[in-house]
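J.: Can you read through this structure? Questions will come right after.
The values are calculated or read from the model by the stated rules, or taken from the named source; none is laboratory data. All values reported here derive from a predicted model rather than from experimental measurement. Every residue, glycine among them, receives a Cβ derived from its backbone with ideal geometry; neighbour counts consider all protein chains shown. These accessible areas exclude ligands, DNA and RNA; they are computed on the full protein's heavy atoms, side chains included. Shrake-Rupley method; radii C 1.70, N 1.55, O 1.52, S 1.80 Å.
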Amino acid sequence: MILPDNYIVETTNSNEAKITFTLQDSLFYLKGHFKAQPILPGVIQLGWAIHFAKELFSISTKNDMPQVKFTQPIMPNDKIVLSVKLNREMNNFTFEYFLENTGKTASSGKVKIND
């Protein structure tokens, strides 16, 4: 999986982290995903959230996402904060893509983890 360029990881505690980056307009995943206005595909948003959660929390995930919402498009040059939070008691992690430049949440959801 191609990750965003120049991302910064800030771990707030052992169960929470924030990944900050600017979505580069040259990112491969933007090519062909709408000519008039490229946007970051939802499947890539899910993929990045899962990748970072696995890497940061040393977990494995199930193919079970009981809640996923896409409320705003993520476009080239958007400044993004991806928050991931692990909840072992609920056997899941949550994620949120927050757009710093607009002050809005682009997407959020829950992903089940293996026990």
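J.: Just one of the numbered conditions (1) on the phi > 0 side of the Ramachandran plot; (2) open to solvent by less than 60 Å² (accessible area, probe 1.4 Å) is not true of V84; which one?
T.: Status for V84: all satisfied but (1).
J.: Of the conditions (1) at pLDDT below 95; (2) more than 16 Å from S107 (Cα to Cα), L86 satisfies every one except a single condition; which number is it?
T.: (1)
J.: Being of a type in the set (D, E, K, R) and modelled with pLDDT of 95 or more is the filter here, so list the residues in segment 17-44 that pass it.
T.: K18 - this is the single residue of segment 17-44 that is of a type in the set (D, E, K, R) and modelled with pLDDT of 95 or more.
J.: Would you please name the residue that is nearest to the chain's Cα centre (by Cα), looking only at residues in segment 72-93 that are more than 20 Å from I8 (Cβ to Cβ) and part of a strand (DSSP E or B)?
T.: Here the answer is N92.
J.: Turning to a different aspect of this structure: Just one of (1) free of Cβ contacts under 8 Å to residues at least 12 places away in the same chain; (2) surrounded by 15 or more Cβ atoms within 10 Å (Cβ to Cβ) trips up A17, so point out which.
T.: (1)
J.: Which of the residues that make up segment 55-75 are within 23 Å of H33 (Cα to Cα) and touching a helix residue (DSSP H, G or I) at 6+ places or on another chain (Cβ under 6 Å)?
T.: Within segment 55-75, just F70 meets the criteria.
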